[in-house]
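Colleague: Right, I'll just put the structure down here and ask away after.
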Amino acid sequence: MRVGDVRAGDAYDRLAAEHEALMQFLYLAPVGLVQTAADGEILMINPVSAQLLMPLQQDGNLVNLFDALAGVAPELRHLCAAFARPRGMVCDGLHIHVDGRTPQVLSLTLLKLDETRLMAVLADVTQQVRRDRQLRQNEAWLGALLTSITDYALVGLDGAGRVSAWNETIARVTGHGEDVVGQPYSVFYPQGATTSDHTHDRLREADQNGWSLDEGPRVRADGSEFWASAMISPLPDRDADVAEPGEAAYCLVLRDVSDKREALDARRKSLFCDHLTGVANRRAFFEAAELELDRNRRAPRPTALVLLDADHFKRINDCHGHAGGDAVLRHLGQLLAATFRQVDVVARVGGEEFAVLLPSTGLDAAVAVAERLRGLVAGRPVAYDGAHIACTVSAGVAVCDGEAPGLDGLMKRADQALYAAKAAGRDRVERWHPALASEARR
C-alpha cells in the first residue's frame, strides 16, 4: 500500500471518528437540537427535541418543524421568511406557551446556517419563567427606589383603595385637585382599562408580596392620557386587619414615563406581541390567563374566554395566497383590538385562531361582545390587491363558574363551543353548556 493511501485512510478514519463524536454529542445534549431545511423539513433531530415536539404533533408524524409548532408559534414561518440575511440568528429565546394538563413554556432559538439549512435549539424553561417574573418585579421595585422621587405622585390610599388625602405631587402629575379625595384610585385609569375587581386584587397582591407593580395608560383630570408606572405598597407599621375605612393603609406611587414609552413599547412588543397582527402573542395570553385565574381562586368572580377562528381560512390562502391570508389576519387583529376593552387580553394563539380573556365578565356579556365582533367581521370585507376578501369568524364562549375548571378546562370548554359553532354552519357564536362536553366525549 502506498504512503498516500495510508494517509488518506487515516484522514478518513479521523473524519469518521469526529462525525461519530458529533452525533453522540447531538444525541446526548441536554437541550433539544433540530436541523431543518429552509422550509422547516426536519433533517436531524435529537431525543430531547423529539420528546418536546411530539406532543404538539397530533398525528404523531414529526417531519416539519414549522408544522409541528404551527399551533403554538404561528409567527415562526413568517419570521424565517422575513429574515433576509444569508445567515444569522432568526430568533433568540422565543418563549412558546404550550397549554395542556400541565402548562409548559418552551424556549426556541433559531439560527439560519445558510440559504438551505436552519438549526433550532429547544429547552423547557417553565420554572425559569416563573422565577424571572418575580425577578422582574424585584428589579422594578429597586429601580423605583433609586430614581429621583420628584418624578412621582405620592397618593395615600385607605384600606378600600380610595384616595385618602390630597397633596401637591398629585396635582403636578395628574392635575387633580382636592375633589379627588374619597375616589377610588381607578380614577387615574382610562375607561375600560381596569375593573373594580382588579383594583382590589392589586391591594391584596401588595399585602401578599409587599408591593404590586403595574404599567400602562393613565388619565389626567383634563381627560388627556399619559403612560405611567404605578406601584402600590402597604404603609409600614400598620395592621391591615384593623385599618379603619378612612385610614390611609397604602401608598400609590405614580410616575409619568411617557418619555420612555417608545423604548418600553419596543421591549414589550418584542416579548409579548404577535408580529403579524399586533395583538398579544401566546406567551402574553397564558401569563395573563394564569394570573387572572389565580386571582379568581383567591376572590371568585366570573371570567370569560372567547375562542375565535377565521372560517375557511385555507380557502382564503388558496385563492389569494399567503399574503392575502396575512391581510385577513391583520384585519381581524385590528377589529378585535377595537371591539374589546383595554383590560381584556386579545391574543393570537394559533395560525388563524384568536383568544380573548375577559376579566369580571359573565357569559351573557361575553356572548354579546363576541356577537358584535362577528357582525363587524362579516360586514367588512378585506381590501387586498384590488380585490375584496369576504371573511367570517366562528366563536366559542365559556366562563369560569363555581367548579373553577382552571385554564386548561376553560379552554377546553371554549374549544367545544367553537367546534359546535363550526358544526352548525360557521359565522356564529356558541356558548358552552354541559351537553357539549358529553358530545365531545362521544
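Coordinate-derived values only; no laboratory data. Just so you know, these numbers come straight off a predicted model, no measurement behind them. Note: ideal-geometry Cβ built from the backbone for every residue, glycine included; neighbour counts use all protein chains shown.
Colleague: Please report, in Å, the Rg and the Dmax of region 298-438, where both are computed over Cα atoms only.
Modeller: Both quantities, over Cα of region 298-438: 15.2, 53 Å.
Colleague: Just want the answer: with Cβ charges of +1 for Lys and Arg and -1 for Asp and Glu, which residue in Val393, Leu376, Leu418 is farthest toward the dipole's positive end in region 373-420?
Modeller: Leu376
Colleague: A further question follows. With charges set only on the Cβ (+1 for Lys and Arg, -1 for Asp and Glu), what does the dipole of region 31-124 come to about its Cα centre, in debye to the nearest 20?
Modeller: Working: 6 positive and 10 negative charges, 39 e Å.
Taking the Cα centre of region 31-124 as origin, the dipole is about 180 debye.
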